[in-house]
1. Quick one: length gained pulling B:ARG78 to B:ARG36 fully straight, 0.36 nm per residue minus the C-alpha distance?
2. Taking a cut-off of 16 Å between Cα atoms, list the aspartates and glutamates near A:LYS64, but don't count ones fewer than 8 places away on the same chain.
3. Reachable lysines from B:LYS313, Cα under 16 Å, same-chain residues fewer than 8 places away excluded?
4. Nearest 20 debye, what's the magnitude of the dipole of the stretch A:65-109 about its Cα centre given +1 on Lys and Arg Cβ and -1 on Asp and Glu Cβ?
5. For a Förster distance of 25 Å, can you work out the FRET efficiency between the beta-carbons of A:THR404 and A:ALA167, rounded to the nearest 0.05?
6. First measure r as the distance between the Cβ atoms of A:ALA323 and B:ASP60, then evaluate 1/(1 + (r/R0)^6) with R0 = 22 Å and state the FRET efficiency to the nearest 0.05.
7. Quote to one decimal, in nm, the extra length available between B:ASP208 and B:HIS98 on full extension: 0.36 nm per residue of separation minus the C-alpha distance between them.
8. To the nearest 0.05, what FRET efficiency results for A:ALA160 and A:SER138 with a Förster distance of 25 Å applied to their C-beta separation?
Amino acid sequence: MTTEPHFTVEIAHNRYLAPGAGEIDAVINVATTETGARLPTAAQVIMLDCSASMYRPSKLAAAKRAASAAIDALRDDTAFAVVAGTDQVAMVYPEAPELAEVDEHTRAAAKEAIDAVQAGGGTAMSQWLQLAGELLASSRREVRHAILLTDGRNTSEPHADLANTLAELRGAFSCDCRGVGTDWEVGELREIADALLGTIDIVAEPEDLAADFRALAENAMRKMVPDVTLRLWTPQHAEVTMLRQVDPTLVDLTGHGTKPQPQLTDYLTGAWEHESRAYHARIALTPAGVGERMLACRIAVLDGDGTNLGAGKVLATWTDDPARYGALDTQVAHYTGQQELAEAIQAGLDARRVGDLDTATGKLGRAVALAEESGHTDASRLLSKIVDIDDSARGQVRLKPTVTAVDEMTLDTRSVVTTRMHRSAG
Amino acid sequence: MNGQCPSCAEQVAEGDMFCEACGRRLPDPHSATSMRRTPVGGPVLAPQQGCAGCEYPMIDDDGFCLRCGRQQPLARDRMTYDLGLVCGASDRGLVRDHNADAMAFGLAGLPGRPRTVVAAVCDGVGSTAMSDKAAQVAADAAVGELLEGAVNGVRPRLLAAASKAADAVVALSDVEKPSTTFLSAVITAREITVAWLGDSRAYWIAGDGSRGEQVTDRSSVTGSTCLTIDHTARNALLTDEASAAHTLTRWVGADSTDLRPQVMTVTPTQPGMVVLCTDGLWGYLKEPETLATYILGSRSTADAVSSLVDAAKAHGGRDNVTVVAVPFPPALERQ
């Protein structure tokens, strides 16, 4: 007998609205509870960038070691494949366009095939992703995970090809993206990771790749519940105007919901291990009278079969008491601050790149203040490599005259990593 | 038990639908107007045809409409009882989450010709869910004692009712220490006796609209006046935030130090109306002559209590509001 996994859903919000107000914000904390459920079946595809730039010996060799480390971390019976991406895409292992099952023999054979890979050619990531999508779809495994490694920009195809492919593949599998070196484009990989519900990170030193890949494969093996959907019910004439994952990382899901019925919006969240995530929802409502109580949103956590695994409610009450409707919920305030922090970092770095130093100084200063205020020590540390800080609380900073590409890209990449609320900060 | 026809006073048997003498239809023993006392425990939500907001028929288990999301009114949100001789209305107001006011009342005397009305109004203290229970059990216990108790005499019985109310509140929980204000009244054809702890009030409203002076115990009363002048209660309007933060010094509950209510008996010199209310009403409408304008302008006792409750809500409804009204002398209204 297996038991159904269970999710807890906790809502943080100020349910009091001013007379005539029609917008309510809530933080939805969703967590899996440990269960005795069997682990779902899994499939793993590793996409290695084999374009000409990877030829620098340290990079390609490190990528090969990393792919082998990931394969070692896969459970027996996991379906897997390794593909080589250039301006085209080719199977590395197995030879035929299908997945192999992990066992002693296939592990050894895959590593041998990986060793033989040569670099050469351009970069057309949509082709890599399409092949990964086909392989994973044919596997019929419950957890479908991919790792994409690149060292460069997606220069061999128009951007529309990548965007169209991502739109098609949304929900088909999840994909963690890793950039090695500093010649790749943060925005490009972030687009892939966001669409495919994966993480993004920079691996500046090729020798760190193996540990990172192993960790990614291990994470995939820990997934307990595949294909989890958040279903938001809203009243008639109401709508979800924003839904963002805000913890552990920022992912904007607004606009990626589907509507199975008029008052329901479904958002794919991928596979879950024993973990917790937080979402920031904003609902536009038709205001009711003072003293009226309304269910503004009902949240249901569904598995791939539509079974309800957990639920929560966002209530709204209209009042003319300013002390009630004026109060800001601490979690909503905290995660609003985390979103502003990420936006300030990204806007500051963008301005710095185009030489708008005033804007860059202002935005990055604001980021320093927000990071300090929320106790986001990682963000504070990464910001201190880009700016000299005169007064962190007030956000008074000066741009450093020289900044390494690694430091800049690391700050940019990690800007979407949020911190939880620290009690001491409030 | 047998009774009398309310029209001709002929003896009628239990279960008769029509009077054998005059042929009038007898009151249905299950209808509101023939109910002898308000239901113990307070109201239960009547099954509804659909959402109170949009009429959609499907409501979820927590009372939210599955189409418009509106929460259906809870039974305690708006309670109304009409026993003919006495009517009451209690409302959550526009700000509070729960209605922690409660009321109970009943008729003593022969069925069809009751001579005495007993009533209790309580205002649960604090914001816990326990406060509405405290108010309800106190009001029910008091009315039960007033209707069925063994103590002789109106004033001793009112003291016994306060004691029973306190016992009921204390029995609820020794952890949360629930408590409530307490006001009860016995209205006979001759006099009005009220007993109170805390800031719920009783008013005498003169039928001729005249304004009265403050009265003393065991005196006659002519013009409209407040019968429960409590020197410990606040003397402030709820709209004034600063002075509304008051300390209640007398109440019914586990940590109450003084459980002996103040008592006042008055003998009206003309017909009128007795009004029992919580501070949710008098915080907005304090002057007896203001209450009188609502009451004297109403077509019925039921209209009078509704109009007063609605007036408190129109003024802001920051607190629960409860009003019970009894015409003096107690007499069935013309049907």
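The values are calculated or read from the model by the stated rules, or taken from the named source; none is laboratory data. Quick caveat: nothing in here was measured; it's all calculated off a predicted structure. Every residue, glycine as well, gets a Cβ built from its backbone with ideal geometry; the counts of neighbours run over all protein chains shown. Surface areas here come from the heavy atoms of the whole protein model, side chains and all, with no ligands, DNA or RNA. Shrake-Rupley method; radii C 1.70, N 1.55, O 1.52, S 1.80 Å.
1. Details: separation 42, 0.36 × 42 = 15.12 nm, distance 2.07 nm.
Going from the current span to full extension adds 13.1 nm.
2. A:ASP49, A:ASP72, A:GLU112, A:ASP115, A:ASP151, A:GLU205, A:GLU207, A:ASP208, A:ASP212
3. Excluding near neighbours in sequence, the set is B:LYS286.
4. Details: 3 positive and 9 negative charges, 45 e Å.
Approximately 220 debye in magnitude.
5. Details: r = 35 Å, r/R0 = 1.41.
About 0.10, to the nearest 0.05.
6. Working: r = 30 Å, r/R0 = 1.37.
Between A:ALA323 and B:ASP60 the formula returns 0.15.
7. Details: separation 110, 0.36 × 110 = 39.60 nm, distance 3.73 nm.
Gain on extension, B:ASP208 to B:HIS98, equals 35.9 nm.
8. Working: r = 26 Å, r/R0 = 1.05.
Computed FRET efficiency for A:ALA160 and A:SER138: 0.45.
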